[in-house]
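What follows is a short report on a single structure.
The values are calculated or read from the model by the stated rules, or taken from the named source; none is laboratory data. In this text the structure is predicted, and so the values were computed from the model without any measurement. All Cβ positions, glycine included, derive from the backbone under ideal geometry; neighbour counts span all protein chains shown. When the accessible area is computed, the model is the full protein with side chains, heavy atoms only, and any ligands, DNA or RNA have been set aside. Shrake-Rupley method; radii C 1.70, N 1.55, O 1.52, S 1.80 Å.
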Amino acid sequence: MVNGKKEYDVVKEGEEEILKINANSWPYPPSVEENGLVMVRVIDYLSEFPAVSRIIFNQKRNFVYDREQTQMLIEVALLYNHLSKQKSLISMGNFGEDVNKYSEARYLIFNLLRSDPIGAYVETSRLLRENEIKVKKINNEPALQATLNYIDFLKYLKENLEKTKLINGIKNQLSGHRIGDRSIYKDIFRPVISPDFMLTRMVSGVPLDAEAIDSYNTENINVNIFRTTSDIKLLYHITPPELKLTEEEYELVNLARAVLAEHRPRDEEFLEPERMRRTFTNIGKDLLLELSEQKGYEIPLDKIKKLSEILVRATIGFGMVEHLLADQKVQDITINSPVGENPIFINHADYGECVTNIIPSVEDSEGWATKFRLLSARPLDEANPILDTELGIPGAKARVAIISNPLNPYGLAFALRRHRDKPWTLPLFINNQMINPLGAGLMSFLIDGARTLLVAGTRSSGKTSFLGGLLVEIMRKYRVIILEDTIELPSSALRELGYNIQNMKVRSALTVGGTEVGADEGIRTSLRMGDSSLIVGEVRSQEARALYEAMRIGALANVVAGTIHGDSPYGVFDRVVNDLGVPKTSFKATDIIVITNPVKSAGGLKSFRRVQSITEVRKHWQDDPLREKGFVDLMKYNTKTDKLEPTDELINGDSEVLKKIASNVKEFVGDWDAIWENIQLRSKMKETLVDYANKSLLYDLLEAKFVIESNDMFHRISDEIKEEVGALDNKRIFFEWDEWVKREIKKRVL
């Protein structure tokens, strides 16, 4: 009992029953592996509640024993429960009134089995060997029978112990083991230790068979990548600052969290998440300072700031998920149901699918679902079991998909797709080999030529990121309307960089009813909002017809682009025409289809995102563009060279789209060489930026801010030279642009 209350309780979390033990009054750590008294208590509790799947001790921190470790202890508890009720088995009469045998039997079951089951097995084996030798020398019949009964008891105990997973796994490693030596338990029982203000469990230990293959740091965490023999997936292991607090810091955060828990933000505050976060961060700082003064702790101000960030993550934030999103190499985060029984999985830019050392709780998932519902102002209930929304935290943004009952019979599940905080650019894609310089030059030319584009690919192929990179190629003098049901494209960042951008947020194709405007009506509305480039985040449903209406009406002077699921140009045609009901004649409004897809390594363990084709859609076909050669590849990915290579059609100028662009530019009309040279000029400039960035280690040259300035300078220099000499002098344009870049690099170095 603790303060008149039971020190333990069994609680239900989802499908699990959890044994929670309050060990704050104990004079020793709550360690099953180190302390026999703790093991005795646990065996006694498990004898009463053998259906639990986890054990959680609380002693300032949470010490969590997982399902596998708990099951080992339950097997011992069930054996103890069974043997302790077998009165005839351990009665004095069964051992011929031999007090020593009776005492040994009771000691094995009531003491050693509960506190040291491995020791009980070793001692039982020793006593069995000893008595099997002795029995051969006994001539007295009563004594002989008593010893035989004792041998039967020892055999029975040993056999049952060997049936437990605990003993069966290590019985061949016990040579020389001494009773009372608990070091072997430390290899078997390894609790997950976390602060009790953190509901999420963190597996801090590393598997014994783990081989470290990479290590790096983000702003707040240390990341280690391990390979293990037990799983083909790699282990993504983090050590967050929450696990590195001193006792004083831990106490302050715990006290502050208890105070903030009484001041839950109002629902309407979630509509302004950035403001709410700033407010709670400031409140947290003041509260931590006040508490540190009351306690007489000397905590530096910079540490107070770090503690306030931990406090915000643990209250209004998203806990360990925020650490994962802060790692720019994490692309996808998956939280499967039943939550609490599974670790979080991620997709890593360098290592593909990985399992993490993070296990969220049911309370975590329910809290996140509530926050996402409030942030999105969309329902998440039995009538609406699907929620698509977005999450923005300092340093990262993500698209979020949630499913719940009845679609998901096991509760809640989450999938987060991380987006770069800064927009992607074509030079960045060149640097990570998603596209080569010539492909980037061609895309730049097509964007300037105000074509209609669809970027297609499978899930996680990078199509939305690539579309975001194409946005950077639109000159800042043009207005852009971006239409999305879930904010993924980098509109805010581009707006800060001087773009004239209008966002339109429409109803998700998966949402029934609600007050949001449908995507099709949103597209039609955009056509009434003046001369603008139109960018559709993803073509999913009824908006397809409206998008093609926009392509046919609004594409004469502006870019119209979007993303769509499809693994080939014909796959896009099939989806648009047969699935989404767009007439074949309308599909001809598409000028270019870009296919982006992952390419797997030979072993299948890694994948790399690549642009696999840039395809022109011709207009002469009637029924089937594939059969009637309506698709003409301008560039095609070569698996052997791992490069996007120009086709004969592009090299020879057999492109109706490029000729149509040229027909509106005086310098290009009827001159394929001039078009090709301009594409190569753009290609050379982007390749040069990448070379300079890698040589100088100034990788901000590849980011949107500098790339946009570079594009502006290219257009400015081109116009100035054209005005001066009456023609586009590509060599001189490149020379002057290159000199400008060198000056900018020099400024940064100095």
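Per-structure values
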| read-out | value |
| --- | --- |
| Subset of the stretch 194-203 that is open to solvent by 30 Å² or more (accessible area, probe 1.4 Å) and at pLDDT below 75 - its residue that is nearest to SER361 (Cα to Cα) | LEU199 |
| Flag if ARG129 is farther than 30 Å from ALA396 by Cα and under 41 Å from the mean Cα position of the chain (by Cα) | no |
| Single unsatisfied condition, GLN612 versus (1) open to solvent by 20 Å² or more (accessible area, probe 1.4 Å); (2) polar (S, T, N, Q); (3) modelled with pLDDT of 90 or more; (4) over 35 Å from the mean Cα position of the chain (by Cα) | (4) |
| Matching residues in the stretch 341-370 - criterion: being open to solvent by 30 Å² or more (accessible area, probe 1.4 Å), under 20 Å from GLY411 (Cα atoms) and in contact (Cβ under 8 Å) with a residue 12 or more places away in the chain | GLU341, ASN342, PRO343, PHE345, GLU363, GLU366 |
| Filter result for GLY392 (open to solvent by less than 20 Å² (accessible area, probe 1.4 Å) and either hydroxyl-bearing (Ser, Thr, Tyr) or touching a residue at least 60 places away in the same chain (Cβ under 8 Å) (or both)) | no |
| Near pairs, Cβ below 6 angstrom, 6+ apart or cross-chain, from the stretch 71-99 (in contact (Cβ under 8 Å) with a residue 60 or more places away in the chain and closer than 16 Å to ASN168 by Cα) to any residue that is crowded, with 21+ Cβ neighbours inside 10 Å and of a type outside the set (A, V, I, L, M, F, W, C) | VAL76/PRO117 |
| Tally, over the stretch 359-384, of residues that are aliphatic (A, V, I, L, M) and within 20 Å of ARG399 (Cβ to Cβ) | 5 |
| When residues of the stretch 687-708 are limited to those that are surrounded by fewer than 17 Cβ atoms within 10 Å (Cβ to Cβ) and in contact with a helix residue (DSSP H, G or I) (Cβ under 8 Å, 6 or more places away or on another chain), the one farthest from THR425 (Cα to Cα) | SER696 |
| Close pairs from the stretch 461-485: first free of Cβ contacts under 8 Å to residues at least 40 places away in the same chain, partner charged (D, E, K, R), Cβ under 7 Å, at least 6 apart | none |
| Residue count for the stretch 212-265, restricted to those that are assigned to a strand (DSSP E or B), open to solvent by 70 Å² or more (accessible area, probe 1.4 Å) and under 18 Å from MET320 (Cβ atoms) | 1 |
| The stretch 290-300 - residue that is at negative phi and surrounded by fewer than 16 Cβ atoms within 10 Å (Cβ to Cβ) and, of those, nearest to the chain's Cα centre (by Cα) | PRO300 |
| Of all residues in the stretch 155-165 being in a helix (DSSP H, G or I) and in contact (Cβ under 8 Å) with a residue 60 or more places away in the chain, the one that is most open to solvent (accessible area, probe 1.4 Å) | LYS165 |
| Criterion (of a type in the set (Gly, Ala, Ser) and within 24 Å of GLU322 (Cα to Cα)) met by exactly one of GLY449, GLY441, GLY468, GLY457 | GLY468 |
| Residue that is most open to solvent (accessible area, probe 1.4 Å), among those in the stretch 579-596 that are polar (S, T, N, Q) and modelled with pLDDT under 90 | THR585 |
| Residue within the stretch 324-333 that is over 28 Å from LEU255 (Cβ atoms), open to solvent by less than 10 Å² (accessible area, probe 1.4 Å) and of a type in the set (D, E, K, R) present | yes |
| Every residue from the stretch 373-389 that is surrounded by 16 or more Cβ atoms within 10 Å (Cβ to Cβ) and more than 22 Å from the chain's Cα centre (by Cα) | ARG378, PRO379, ASN384 |
| Residue list for the stretch 125-151, filter: open to solvent by less than 50 Å² (accessible area, probe 1.4 Å) and more than 25 Å from LYS87 (Cβ to Cβ) | ILE138 |
| Extreme residue, farthest from GLU16 (Cα to Cα), among residues of the stretch 26-60 that are among the polar types (S, T, N, Q) and surrounded by 17 or more Cβ atoms within 10 Å (Cβ to Cβ) | ASN35 |
| Lone qualifier among ASN22, ASN35, ASN62, ASN81 - being modelled with pLDDT under 90 and of a type in the set (S, T, N, Q) | ASN62 |
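Residues checked against (1) in contact with an Asp or Glu (Cβ under 8 Å, 6 or more places away or on another chain); (2) buried (at least 20 other Cβ atoms within 10 Å of the Cβ); (3) more than 30 Å from VAL362 (Cβ to Cβ):
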{"residue": "LEU112", "(1), (2), (3)": "yes, yes, yes"}
{"residue": "PHE153", "(1), (2), (3)": "no, yes, yes"}
{"residue": "GLN173", "(1), (2), (3)": "no, no, yes"}
{"residue": "ARG190", "(1), (2), (3)": "yes, no, no"}
